[in-house]
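Engineer: I'd like to ask some things about the structure below.
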Amino acid sequence: MIGLSGGYRSALIIGLQGIRARKTRTLLSMISLFLGVLAVVVVQAGAEIAERALLSNVDLVEGIDGTRKLYLPADGKAGEVIMDTLAGRSDGVGVVSFGPAIIGEPGVAPLNPGAMPFDQMGMGFGAPVYCDENGCYDTLPGTVPQPPGQAVELYLNGLTGDIRSFKPFPLLSGEWLDFSGEPSLAPRIVVNKEAAKFFSAYSIPAEMRLNGAIANPTPRIIGVVDDGQPWSPAAYVRADEIANWMPPNAGIAGPMGGGFEVFMTPDSHELEQVLTSRLVAIGIPAEHIGGFTVNTREAFETQLLIMQIIFLGMASLVLLIGVAGILNVGLATVGERVEEFALRRAVGTPRFILAGIVLAETLLTGLLTAGAAIAFAALALKVVGPYMGGGGYIPGPENVSFPWQAAVAGVIAGLVGGLLGGLIPAIRAARIPIASVMRA
Amino acid sequence: MTPPLIELHGVTKTLRGQGEPRPILKGVDLTIGAGESVAILGRSGSGKSTLLSLIGLFDRPDGGRYLLHGEDITKIPESRAARLRSSEFGFIFQRFFLLKHLTAAQNVQMALVNGQGWLSARKRRAKAYEALERVGIAHLAKQRPARLSGGEQQRVAIARALVRQPRVLLADEPTGALDTETGNLVIDVLHGATQQGCGLVLVTHDADHAARMSRVLRLDDGVLHPDGVGTAGTASPRHAVRPDTTRHHEQVLS
């Protein structure tokens, strides 16, 4: 109450008295407004949760906006050119996908065939299936199935430099790769969170099977990062440390290489030009070198905004129906209180305070409704949240806490509903002639 | 010299609505001094309530001048009128107009919660209790109107009118809905207020109640006469007539 003038305090006190005196009507007004406010809260909460889920790891998965990105075909010579061109440069980093690698006991089937996530082990999803004209099989026809053992299958990514200037992976434990020294014969690897779950849960020996490699190297796990990919175990390694284990002339990617990605700073035109020219010079068709500038975050934000506007528009329509309800109740109430308002004017209450009394009632009703809608939505989310699966861009339980923005939107919706619903009754109340009391 | 509390000079008012405009007041002259009690008699529809609503600034005259403490307030804005209603006047009506969801004390406090200044809840309660005590029903402060008799309700209404310590009470047939005995009691209360320096303008049909005022006037055909001078007058003149109240009448006669 501190800071409010006598007029506004009076309006607030009388408004509260009015609400107390007409509890049923207040409840009816709240019911009519509830769905509209709830719709706004749900839309805003949905938008915030979706934004969290979509944008929380978009930089980690796609790279930060503005990054120049080149996709290059899996070609041994191309790998050498890329390694050579990017060597010692900080404005460009190459990523080579070595494909699935298995770390652990030799001669056993991995715990997660097909590099499936930890939570889906044993559920049959993701395991490779081999099909021919006679049907589909779990193992290659003619081969003996391997017994299960302590091994994990993960996607191995070779780096030519520190990728974190383009994909800001937060380091969760240990240390990041050191690109400054000579490559080690025992490849140092940094695993992502999903892969780390396997190493925490099982005693996995340090031997790495890599398709196309001349022998099984002994990897050293030096750290864990969040690479924004909760759906597959993966590891990051210096590309040149893996190249040591590839046959001569096989190229950096080896026979199972999955292609290259090159990340460059927005102003690295010269680097892109040199790289493209050298790749064309070794026979890679220019049309096979695809480049674009990352703006995934901006694109997602735009899409989310459009969706949010559409859904908020629909929610506003529901809110308007609630406003009509409040308006209806408000007009009826003012009609019944003509004598009261005339009397209040007679004892010196200015017109704007009379309008303020009605508005205070509808605004307080809107606030109460907002409180109820917010509580309902938060409770519903608390109940439903744990059952949200997550994975990919689908929000997981960690993303479904009730966003404060939804509460703010609910309060604003409640106040707007109260204001719109109370405006016309307020004007009517302010215009009631005092003489109507004298002649009553 | 201190100007009179209220001065009306040639005030006219015509009711306009459906049908022909109906002149209600046709040039009323009236002067009321501070602390004076005035009764206005007249037939139903003679314009007594209209005159009271003009004095109380519920409505504005079509013509003439209205001076309060010598200041012309004929055409003041509504916000100023609201302030004056709060500070200068207390209103009592035939129907009590108590809010049924409030207690007697809260009904009295209603006049204090009107946006004209601010009093703490404690001060409001104290003033309401004091006003109820003045009209002799402080013990009923926590009762709601439904549990009060007609006379008690009207006394709550009088306490509501007195709580801001107005200069003048405007009472529009305050005993109209009460039996004779209770009506007399209410008039006693109003009379008591005048003894403490508060002016009173009483619109009534009751000649006995009117007789207790210091001056009795009769509104007839839109013109204010000293009692007994009007064409339909029945009561005998008992009070001195001030020259300004007869001026218009003399003009008409001449």
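The values are calculated or read from the model by the stated rules, or taken from the named source; none is laboratory data. Keep in mind that this is a model prediction, so the values were computed, not measured. Please note: Cβ atoms are built from the backbone with ideal geometry, for glycine as well, and neighbour counts cover all protein chains shown.
Engineer: Would you say residue A:378 is more than 14 Å from every other protein chain (Cβ to nearest Cβ), of a type in the set (A, V, I, L, M) and without any contact (Cβ under 8 Å) to a residue 40 or more places away in the chain?
Structural biologist: Values: more than 14 Å from every other protein chain (Cβ to nearest Cβ): yes; of a type in the set (A, V, I, L, M): yes; without any contact (Cβ under 8 Å) to a residue 40 or more places away in the chain: yes.
Judged against the criteria, residue A:378 is a match.
Engineer: If you don't mind, there's one more thing I want to ask. Find the residue count for segment A:76-103, including only residues that are assigned to a helix (DSSP H, G or I) and more than 34 Å from the chain's Cα centre (by Cα).
Structural biologist: Looking only at segment A:76-103, we keep the residues that are assigned to a helix (DSSP H, G or I), and these are A:76-86.
Among the residues that remain, those that are also more than 34 Å from the chain's Cα centre (by Cα) are: A:76-78, A:80-81, A:84-85.
Going through segment A:76-103 one residue at a time, the tally reaches 7.
Engineer: Now for a different question. Answer yes if at least one residue in segment B:6-27 is surrounded by fewer than 17 Cβ atoms within 10 Å (Cβ to Cβ), of a type in the set (Asp, Glu) and either in contact (Cβ under 8 Å) with a residue 12 or more places away in the chain or away from every other protein chain (no Cβ under 14 Å) (or both), and no otherwise. Explain how you work it out, then say what you get.
Structural biologist: First, pick out the residues of segment B:6-27 that are surrounded by fewer than 17 Cβ atoms within 10 Å (Cβ to Cβ): B:10, B:12, B:14-23.
Still in the list and also of a type in the set (Asp, Glu): B:20.
Pick out the ones that are also either in contact (Cβ under 8 Å) with a residue 12 or more places away in the chain or away from every other protein chain (no Cβ under 14 Å) (or both) and you get B:20.
Checking segment B:6-27: at least one residue is surrounded by fewer than 17 Cβ atoms within 10 Å (Cβ to Cβ), of a type in the set (Asp, Glu) and either in contact (Cβ under 8 Å) with a residue 12 or more places away in the chain or away from every other protein chain (no Cβ under 14 Å) (or both).
Engineer: Looking at segment B:118-139, which of its residues are touching a residue at least 40 places away in the same chain (Cβ under 8 Å) and of a type in the set (Lys, Arg)?
Structural biologist: B:134
Engineer: Cβ-Cβ under 6 Å, sequence separation 6+ or interchain: first residue in segment A:343-368 and free of Cβ contacts under 8 Å to residues at least 60 places away in the same chain, partner in a helix (DSSP H, G or I) and of a type in the set (Ser, Thr, Tyr). Which pairs?
Structural biologist: A:348/B:86
Engineer: Quick check on segment A:337-353: of everything there that is crowded, with 24+ Cβ neighbours inside 10 Å and either of a type in the set (Lys, Arg) or more than 9 Å from every other protein chain (Cβ to nearest Cβ) (or both), which residue is nearest to residue A:21 (Cα to Cα)?
Structural biologist: Among those residues, the one meeting the criterion is A:341.
Engineer: Further, regarding this structure: Identify, by number, the condition in (1) under 20 Å from the mean Cα position of the chain (by Cα); (2) within 21 Å of residue B:187 (Cα to Cα) that residue B:82 doesn't meet.
Structural biologist: All conditions are met except number (2).
Engineer: Mind counting the residues in segment A:270-321 that are small (Gly, Ala, Ser) and in contact with a strand residue (DSSP E or B) (Cβ under 6 Å, 6 or more places away or on another chain)? I'd like the intermediate steps shown before the answer.
Structural biologist: Going residue by residue through segment A:270-321, those that are small (Gly, Ala, Ser) are A:277, A:281, A:283, A:286, A:290-291, A:299, A:313, A:315-316.
Checking which are in contact with a strand residue (DSSP E or B) (Cβ under 6 Å, 6 or more places away or on another chain) leaves us with A:290-291.
The total comes to 2.
Engineer: Tally time: how many residues in segment B:65-82 are facing chain A (nearest Cβ under 8 Å) and closer than 24 Å to residue B:193 by Cβ?
Structural biologist: At the first step, the residues of segment B:65-82 found to be facing chain A (nearest Cβ under 8 Å) are B:78-79, B:82.
Of the ones still in play, those that are also closer than 24 Å to residue B:193 by Cβ are B:82.
Result for segment B:65-82: 1.
Engineer: Identify, please: which residue in segment B:88-99 is modelled with pLDDT of 90 or more and more than 7 Å from chain A (Cβ to nearest Cβ) and is, among those, surrounded by the most Cβ atoms within 10 Å (Cβ to Cβ)?
Structural biologist: Result: B:90.
Engineer: For segment B:53-64, check the following and say yes or no: at least one residue is touching an Asp or Glu at 6+ places or on another chain (Cβ under 6 Å) and within 14 Å of chain A (Cβ to nearest Cβ). Working first, answer last.
Structural biologist: Narrowing segment B:53-64 to residues touching an Asp or Glu at 6+ places or on another chain (Cβ under 6 Å): B:53.
Now restrict to residues that are within 14 Å of chain A (Cβ to nearest Cβ): B:53.
Within segment B:53-64, one or more residues are touching an Asp or Glu at 6+ places or on another chain (Cβ under 6 Å) and within 14 Å of chain A (Cβ to nearest Cβ).
Engineer: Okay, moving on. Residues that are out of contact with any strand residue (DSSP E or B) (no Cβ under 6 Å at 6 or more places or on another chain), on the phi < 0 side of the Ramachandran plot and without any contact (Cβ under 8 Å) to a residue 40 or more places away in the chain: does segment A:222-244 have at least one?
Structural biologist: No - not one qualifying residue is present in segment A:222-244.
Engineer: Of the residues A:230, A:187, which single one is under 27 Å from residue A:58 (Cα atoms) and either surrounded by 23 or more Cβ atoms within 10 Å (Cβ to Cβ) or at pLDDT below 85 (or both)? Break it down into steps so the answer makes sense when it comes.
Structural biologist: Details: A:187 fails: under 27 Å from residue A:58 (Cα atoms).
Among A:230, A:187, only A:230 is under 27 Å from residue A:58 (Cα atoms) and either surrounded by 23 or more Cβ atoms within 10 Å (Cβ to Cβ) or at pLDDT below 85 (or both).
Engineer: Regarding residue B:46, is this residue within 12 Å of chain A (Cβ to nearest Cβ) and hydroxyl-bearing (Ser, Thr, Tyr)? Give the steps one after another, and end with the answer.
Structural biologist: Numbers: within 12 Å of chain A (Cβ to nearest Cβ): no; hydroxyl-bearing (Ser, Thr, Tyr): yes.
Spelling it out, it is not the case that residue B:46 is within 12 Å of chain A (Cβ to nearest Cβ) and hydroxyl-bearing (Ser, Thr, Tyr).
Engineer: Working only within segment B:100-131, note down all residues that are of a type in the set (Phe, Trp, Tyr) and within 13 Å of another protein chain (Cβ to nearest Cβ).
Structural biologist: Of the residues in segment B:100-131, the ones of a type in the set (Phe, Trp, Tyr) are B:118, B:129.
Across segment B:100-131, the qualifying residue is only B:118.
Engineer: On to the next question. Quick test of your reading of the structure: residue B:35 fulfils all but one of (1) surrounded by fewer than 19 Cβ atoms within 10 Å (Cβ to Cβ); (2) under 18 Å from residue B:74 (Cα atoms). Name the failing condition by number.
Structural biologist: For residue B:35, the failing item is (2).
Engineer: Any residue that is touching a helix residue (DSSP H, G or I) at 6+ places or on another chain (Cβ under 8 Å), at pLDDT below 90 and of a type in the set (Asp, Glu) - is there at least one of those in segment B:180-189?
Structural biologist: No, segment B:180-189 contains no residue that is touching a helix residue (DSSP H, G or I) at 6+ places or on another chain (Cβ under 8 Å), at pLDDT below 90 and of a type in the set (Asp, Glu).
Engineer: Mind listing whichever residues of segment B:100-128 are crowded, with 19+ Cβ neighbours inside 10 Å and in a helix (DSSP H, G or I)?
Structural biologist: B:104, B:105, B:106, B:107, B:108, B:109, B:124, B:127, B:128
Engineer: From the list B:85, B:134, which one is of a type in the set (Lys, Arg), under 30 Å from residue B:183 (Cβ atoms), at the interface with chain A (Cβ under 10 Å from one of its Cβ atoms) and buried (at least 16 other Cβ atoms within 10 Å of the Cβ)?
Structural biologist: Numbers: B:134 fails: at the interface with chain A (Cβ under 10 Å from one of its Cβ atoms).
None of the other options fit; the residue is B:85.
Engineer: At least 2 residues that are under 14 Å from residue A:155 (Cβ atoms) in each: list the strands (runs of 3 or more DSSP E) lying fully within segment A:186-252 that qualify. Break it down stepwise before answering.
Structural biologist: Details: elements: A:188-192, A:208-210, A:220-225, A:234-238.
Here the list reads A:188-192, A:208-210, A:234-238.
For (1) outside any loop (DSSP other than H, G, I, E, B); (2) in contact with a strand residue (DSSP E or B) (Cβ under 8 Å, 6 or more places away or on another chain), each residue gets a yes or a no:
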{"position": "B:161", "(1), (2)": "yes, yes"}
{"position": "B:166", "(1), (2)": "no, yes"}
{"position": "B:171", "(1), (2)": "yes, yes"}
{"position": "B:175", "(1), (2)": "no, no"}
{"position": "B:182", "(1), (2)": "yes, no"}
{"position": "B:186", "(1), (2)": "yes, no"}
{"position": "B:194", "(1), (2)": "yes, yes"}
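Engineer: Can you pull out the residues in segment A:143-177 that are over 18 Å from residue A:263 (Cβ atoms) and without any contact (Cβ under 8 Å) to a residue 24 or more places away in the chain?
Structural biologist: A:143, A:144
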